[in-house]
Amino acid sequence: MPGKVNPVMSEALMMVAARVMGNATTVTVCGQHGNFELNVMMPILVFSLLESVSIMATAVDAFRTRCLEGIKANADRCTELLERNPSIATALNRAIGYDAASKVAKKAAAERKSVTQVVMEEGILTEEELRRVLDVRSMTEPGIPGE
């Protein structure tokens, strides 16, 4: 498909993570077989541990340089997706009650509108009240809203 971008760096990191999980199991089993403090499993335990450290360091560095560096968020698209997500109507519960917020969310989803558009069209809250209640930035920060 023209223009398709394969997520090979993410896939490579997942494969490394799978290998590290396998090595973690090996280390666990080796630790269980330290009978009489002989530690006969020490060579494979150390090998697995060192391999995990090595491949994770390499994979994370490659992921950082070939995938993460240079990524920039499209702020306008992020805002659009936030505003069009009917789940933010949950924040309306304290202001207008669960039933009314549920109706707003359902209407927004059915009509492919933002929660803000529906609330304003219905005249449920003023623009200022709505801006305060649906402050998505405050929804992503710790603490209790409004306190």
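Check each of the GluC sites (Glu not before Pro) in segment 53-107 and keep only those in coil by DSSP with at most 14 other C-beta atoms within 10 angstrom; list them in order.
Values: sites: E69, E80, E83; in loops: E69.
Those that pass, being in a loop and sparsely packed, are E69.
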With a cut-off of 20 Å, note down the residues of segment 58-100 whose backbone N falls inside the zone around a label point 7 Å from the Cα of E122 toward its beta carbon.
82-100
Stretch gain in nm, segment L50-S102, where the contour uses 0.36 nm per residue and the Cα spacing is subtracted:
13.4 nm
Just to be sure I understand the curve: with the Debye formula and one point per C-alpha of segment 8-68, what is log10 I(q)/I(0) at q = 0.18 Å⁻¹?
-0.63
Helix-only estimate, please: 222 nm mean residue ellipticity of the chain, summing -39500 (n - 2.57) across DSSP H runs of length 4 or more and dividing by its residues, to the nearest 500.
-19500 deg cm²/dmol
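Between M1 and F63, what length in nm is gained on full extension when 0.36 nm per residue of separation is reduced by their alpha carbon distance? Kindly include the intermediate steps, with their values, before the conclusion.
Details: separation 62, 0.36 × 62 = 22.32 nm, distance 2.40 nm.
Extending this stretch completely gives an extra 19.9 nm.
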So for the pair N93, H33, with labels modelled 7 Å out along Cα→Cβ, what separation do we get in nm?
5.2
So, with +1 on the Cβ of K and R and -1 on the Cβ of D and E, and no other charges, what is the size of the charge dipole of the chain about its Cα centre, to the nearest 20 debye?
420
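For an R0 of 25 angstrom, estimate the FRET efficiency from the Cβ-Cβ distance between R132 and R77 and round to the nearest 0.05. List each step's numbers first, then the result.
Numbers: r = 24 Å, r/R0 = 0.97.
Plugging the Cβ-Cβ distance into 1/(1 + (r/R0)^6) gives 0.55.
On a full-extension model of 0.36 nm per residue, what is the gain between M42 and M15, subtracting their alpha-carbon distance, rounded to one decimal in nm?
On the way: separation 27, 0.36 × 27 = 9.72 nm, distance 2.51 nm.
Result for the pair: 7.2 nm of gain on full extension.
Identify the trypsin sites (Lys or Arg not before Pro) of segment 72-108 meeting these criteria: DSSP loop state and at most 16 other C-beta atoms within 10 Å of the C-beta. Intermediate values should be presented prior to the final figure.
Working: sites: K72, R77, R84, R94, K103, K106, K107; in loops: K72.
For trypsin sites (Lys or Arg not before Pro) across segment 72-108 that sit outside H, G, I, E and B with at most 16 neighbouring Cβ atoms in 10 Å, the list reads K72.
Over all directions, average the projected area of the Cα convex hull of the chain and note it in nm².
On the way: hull surface 64.0 nm².
Average of the hull's projected areas for the chain equals 16.0 nm².
Throughout, read-outs are computed from the coordinates displayed, never taken from laboratory work. All values reported here derive from a predicted model rather than from experimental measurement. Quick reminder, even Gly has a Cβ in these numbers, built from the backbone with ideal geometry, and neighbours come from all protein chains shown.
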